[in-house]
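What follows is one structure encoded as structure tokens, with my remarks underneath.
The values are calculated or read from the model by the stated rules, or taken from the named source; none is laboratory data. Model, not experiment: these values are computed from the prediction. Please note: Cβ atoms are built from the backbone with ideal geometry, for glycine as well, and neighbour counts cover all protein chains shown. Accessible surface is based on the protein model in full, side chains and every heavy atom, while ligands, DNA and RNA are left aside. Shrake-Rupley method; radii C 1.70, N 1.55, O 1.52, S 1.80 Å.
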Amino acid sequence: MPDPIISFVHAIHLAATATEAPSEANKMDGVTDAPVNYTADSVDIAYLGQDGGWKRSMTTSKSFQVPISGHHMPEDPTHVLLRDAFLNNETVWLLIVKDPDAAPGSQGDRLPVKVTSYEEGRTSTDVVTFSATLAGQGAPSAL
């Protein structure tokens, strides 16, 4: 049986502009989970009598969503940017660095996103956490 691939992301950054490069200043600390979920819409293209009644579909629009969560760092500029982007309905860019030593265009992904939900969780027995949903705003690009 083959071994599973270890999931490792070098760093996650949050940038205010589309041209901002990953740096220590925009690196998000405290992130524990940030899966990128891709989906596609489709329309039915079958007509009665085709393929013995089996349906066919065609892909139309594609989208992605990132449910991000972790430990809240209230003084961290990226956590402030995330909250402000939600409050002001602004587009920000999530930069996922997979290999910082790779050639430009192969280091990771640049995802334009809007913050559609934002939560700060507080319990009496744990650290303050955050969670947010980032909805894609166009196509991702290579970093």
inquiry  = Quick check on Ile68: is it among the β-branched types (Val, Ile, Thr) and farther than 15 Å from His13 by Cα?
reply    = no
ask   = Ala25: open to solvent by 40 Å² or more (accessible area, probe 1.4 Å), outside any loop (DSSP other than H, G, I, E, B), on the phi < 0 side of the Ramachandran plot and of a type outside the set (S, T, N, Q), yes or no?
value = yes
ask   = Pairs, please: C-beta under 6 Å, at least 6 apart or cross-chain, first residue under 12 Å from Pro74 (Cβ atoms) and in the stretch 121-132, second surrounded by 12 or more Cβ atoms within 10 Å (Cβ to Cβ) and of a type in the set (Asp, Glu)?
value = Phe130/Glu120
query = Which one of the conditions (1) open to solvent by 70 Å² or more (accessible area, probe 1.4 Å); (2) closer than 15 Å to Lys27 by Cα; (3) touching a Ser or Thr at 6+ places or on another chain (Cβ under 9 Å) does Pro77 fail to meet, given that it meets all the rest?
reply = (3)
note = The one condition Arg122 fails out of (1) within 18 Å of Thr17 (Cα to Cα); (2) open to solvent by 80 Å² or more (accessible area, probe 1.4 Å); (3) over 18 Å from the mean Cα position of the chain (by Cα) is (1)
inquiry  = Of the residues Glu119, Glu75, Glu90, only one is farther than 23 Å from Pro140 by Cα and modelled with pLDDT of 95 or more; which?
reply    = Glu119
query = In the stretch 80-103, what residues are β-branched (Val, Ile, Thr), open to solvent by 20 Å² or more (accessible area, probe 1.4 Å) and out of contact with any Lys or Arg (no Cβ under 8 Å at 6 or more places or on another chain)?
reply = Val80
